[in-house]
Amino acid sequence: MSEQSVFQVALNTLNEAGRLGNIDPGVMTILQAPKRIFHFRIPIKLDNGTVQVFQAYRVHYSDAVGPFRNGTRIRPKLSLDEVQALGIFMTIKHCVGGIPAGGAKGGIRADLSTLSIGEQERLVRAFIRNLHPKGPWADVPGADIGTGEQAMAWMLDEYEQITGEHCPAAINDKPPVLGGTLGGEEATGRGVFIVLQAAAKDFGIDLAGAEIAVQGFGQVGSVAASLLHGIGCRVVAVSDVNGGVYNKSGLDIPALKLHLAATGTVLDFPGAKNITNEELLTTPVDILVPAAVQNVINADNAAEIKARLIVEGANGPVTTEADAILMAKGIKLVPDVVANSGGAIVCHFERTQGLSDEYWDLERVNASLNKRIMAAYTNSRDRAAAVGTASIRIGAWIEALKKIELAMKLRGWV
Ligand code: NAD
């Protein structure tokens, strides 16, 4: 995989969108770096009595249109570069989704597989104690890789223990029984599914006969693959970190989920051929959904991509060089800030429910998600057309930058 800085990739997009969208130079200067970055080291007493110190970050990228919100990533190789990139992606994603929120991201560099549940709980609680977020109108941490509903429940409890009052809107992605929302866990995968259908229609790909490959079979990839399979699409290849499986007639996705639960990997699925992740990306399919990690489609493999449409489930899966190569080949692409914005959109509904103390049924959540993400997609597509580029990515970023520019002007920042 390319070692390219994912934050630099984000800045490349930012600056190209700023140029094509004729965005105020003052706005562009402000957005070259986060508003503030918290660095902290969290000491944890391990079960064996020794102390381990974990590096943690919280990046407040921009709060021009609203309070900082979302994402806490825990992984062994977490870098500040990646957290900054995720911070600007959140800033853009909220604006494209019509959400009055700023962008933030946080994280802890830790290998959860080496920590007991008790150690994980102490680590996540200590993250909140060290960050001491100031509530729903200032900074609302949410989940990302390595932080599921349990971690967010600990974060909420720690926050409420500190403040002495219940405030479900202070933390996102928590379980429904603690004031979370229905449909939250599958929101991003469902969003990918919705925009994939819209883009396929726009670009003349008949889903009935289309072959689809999905890289990553986690919270995003497995939901998108299941929903596609559910409407009769042929998902021919799926992978996880260990590698992938391929069957030209289409994989039985519900059976593959059971196989993953039983064996811990998608590999060796009966009736399918094992392939590498690299093979999955370059396999001849109509639609490719990279839903694992960043920079997987890069200058080394972009020329080999055969899909007609790419829908970015992951954040930053395509580098700047690869983007240009794909465009030159006429491959259509729905960018991350639109395609995987379902989670951010439903987090907004979660916060709205927490603040109003009135909770929605799943039908309302899904119908509202559908409406918002379709608007994000069509506005980005149309903005791209209006400025004369085939890049929906650039269209989306211009769409967001126009809102940030207006907010900064009205606030008197530029
Ligand atoms: P996850 O941890 O649930 O699943 C990740 C999947 O990718 C797993 O199947 C894992 O085995 C696989 N994987 C990990 N490293 C890989 C590698 N190097 N090559 C191939 N496969 C690899 O994570 P997720 O929540 O599904 O998130 C996936 C991507 O989507 C990330 O980029 C994340 O930032 C992005 N995203 C997630 C959400 C969300 O709501 N979960 C929202 C927006 C964006």
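Within segment 209-228, restricting attention to residues that are away from the ligand (no atom under 14 Å from the Cβ) and assigned to a loop (DSSP other than H, G, I, E, B), the residue that is surrounded by the most Cβ atoms within 10 Å (Cβ to Cβ) is A210. Taking the criterion of being open to solvent by less than 60 Å² (accessible area, probe 1.4 Å) and touching a residue at least 60 places away in the same chain (Cβ under 8 Å), the residues of segment 300-312 that qualify are A307, L309, V311.
Does V238 satisfy the criteria of being within 12 Å of the ligand (Cβ to nearest atom) and under 12 Å from I212 (Cβ atoms)? Write out each step before concluding.
Values: within 12 Å of the ligand (Cβ to nearest atom): yes; under 12 Å from I212 (Cβ atoms): yes.
Yes, satisfied.
Determine whether V318 is closer than 27 Å to G243 by Cβ and crowded, with 24+ Cβ neighbours inside 10 Å. Give the derivation first.
Working: closer than 27 Å to G243 by Cβ: yes; crowded, with 24+ Cβ neighbours inside 10 Å: yes.
So V318 fits the description; yes.
Considering each residue of segment 278-289 in turn, at least one proves to be part of a loop (DSSP other than H, G, I, E, B) and surrounded by fewer than 20 Cβ atoms within 10 Å (Cβ to Cβ).
Looking at I373, is it under 30 Å from L280 (Cα atoms) and not assigned by TED's automatic domain parsing to the domain that holds V241? Judged against the criteria, I373 is a match.
Right, A344: assigned to a helix (DSSP H, G or I), out of contact with any Lys or Arg (no Cβ under 7 Å at 6 or more places or on another chain) and of a type in the set (A, V, I, L, M) or not? Show your work before the answer.
Values: assigned to a helix (DSSP H, G or I): yes; out of contact with any Lys or Arg (no Cβ under 7 Å at 6 or more places or on another chain): no; of a type in the set (A, V, I, L, M): yes.
The answer is no for A344.
Among the residues of segment 316-338, those that are closer than 26 Å to I194 by Cβ and either part of a helix (DSSP H, G or I) or basic (K, R) (or both) comprise A322, D323, L326, M327, K329, K332, D336, V337, V338.
Condition check ((1) surrounded by 16 or more Cβ atoms within 10 Å (Cβ to Cβ); (2) within 25 Å of I392 (Cβ to Cβ); (3) more than 16 Å from the ligand (Cβ to nearest atom); (4) assigned by TED's automatic domain parsing to the domain that holds P290) across all residues:
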| site | (1), (2), (3), (4) |
| --- | --- |
| L207 | yes, yes, yes, yes |
| G230 | no, no, yes, yes |
| C233 | yes, yes, yes, yes |
| L258 | no, no, no, yes |
| A262 | no, no, no, yes |
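Return yes or no: is K248 farther than 30 Å from R351 by Cβ and either among the hydrophobic types (A, V, I, L, M, F, W, C) or more than 25 Å from the chain's Cα centre (by Cα) (or both)? When the stated conditions are applied, K248 passes them. The C-beta contact set for segment 332-343 (first residue closer than 14 Å to R383 by Cβ, second residue within 9 Å of the ligand (Cβ to nearest atom) and not in a helix (DSSP H, G or I), distance under 7 angstrom, 6+ apart or interchain) comprises V334/E312; P335/E312. You will find that of I297, I398, I373, the residue that is more than 16 Å from the ligand (Cβ to nearest atom), buried (at least 18 other Cβ atoms within 10 Å of the Cβ) and among the hydrophobic types (A, V, I, L, M, F, W, C) is I398 and no other.
The values are calculated or read from the model by the stated rules, or taken from the named source; none is laboratory data. Computed from a predicted structure; not experimentally measured. Here the Cβ is made from the backbone with ideal geometry for all residues, glycine too, and neighbour counts use every protein chain on show. Remember, those area values only see protein heavy atoms, side chains included, never the ligands or the DNA or RNA. Shrake-Rupley method; radii C 1.70, N 1.55, O 1.52, S 1.80 Å.
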